[in-house]
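Have a look at the structure below before the remarks.
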Amino acid sequence: MNETLFVQLLDLACGALLLTAVLVLWRRELAVIIRVFALQGLTLAALVSVLAAHEDSVELWAVAV
């Protein structure tokens, strides 16, 4: 993975994580908040996956899974 792609994917994952955090604060219905938390977990797994692919680390892949 080249550095440009790594930085772009990292920025995208961090932006999605920030967006889900704002959505949790914005929404008031508990069912929606639970869905957004699940989406936030997937976003966090995607962020760790990007790091694992860049570092080529088995431990990070295990955390992402």
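The values are calculated or read from the model by the stated rules, or taken from the named source; none is laboratory data. Please read these numbers as outputs of a predicted model, since none were measured by experiment. Because the Cβ atoms are built from the backbone with ideal geometry, glycine has one as well, and the counts that use them run over all protein chains shown. Please note that ligands, DNA and RNA were not included when accessible areas were found on the heavy atoms of the full protein model with its side chains. Shrake-Rupley method; radii C 1.70, N 1.55, O 1.52, S 1.80 Å.
Quick look at the numbers
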quantity: Any pair with Cβ under 6 angstrom, 6 or more apart, that starts in segment 7-23 at a residue that is under 23 Å from E55 (Cα atoms) and ends at one that is open to solvent by less than 100 Å² (accessible area, probe 1.4 Å) and not β-branched (V, I, T); calculated: A13/A46; A13/L47
quantity: Check on V50, among the hydrophobic types (A, V, I, L, M, F, W, C), on the phi < 0 side of the Ramachandran plot and surrounded by fewer than 16 Cβ atoms within 10 Å (Cβ to Cβ); calculated: no
quantity: Total residues in segment 22-65, condition among the charged types (D, E, K, R) and in a loop (DSSP other than H, G, I, E, B); calculated: 4
quantity: Residues of segment 10-29 satisfying the condition of being open to solvent by less than 80 Å² (accessible area, probe 1.4 Å) and under 10 Å from the mean Cα position of the chain (by Cα); calculated: L10, A13, C14, G15, A16, L17, T20
quantity: Any pair with Cβ under 7 angstrom, 6 or more apart, that starts in segment 31-48 at a residue that is under 22 Å from A62 (Cβ atoms) and in contact (Cβ under 8 Å) with a residue 24 or more places away in the chain and ends at one that is open to solvent by 30 Å² or more (accessible area, probe 1.4 Å) and assigned to a helix (DSSP H, G or I); calculated: T43/A16; T43/L17; L44/L17; L47/C14; L47/L17
quantity: Hits in segment 53-65 - residues which are free of Cβ contacts under 8 Å to residues at least 24 places away in the same chain and on the phi < 0 side of the Ramachandran plot; calculated: E55, S57, V58, E59, L60, W61, A62, V63, A64, V65
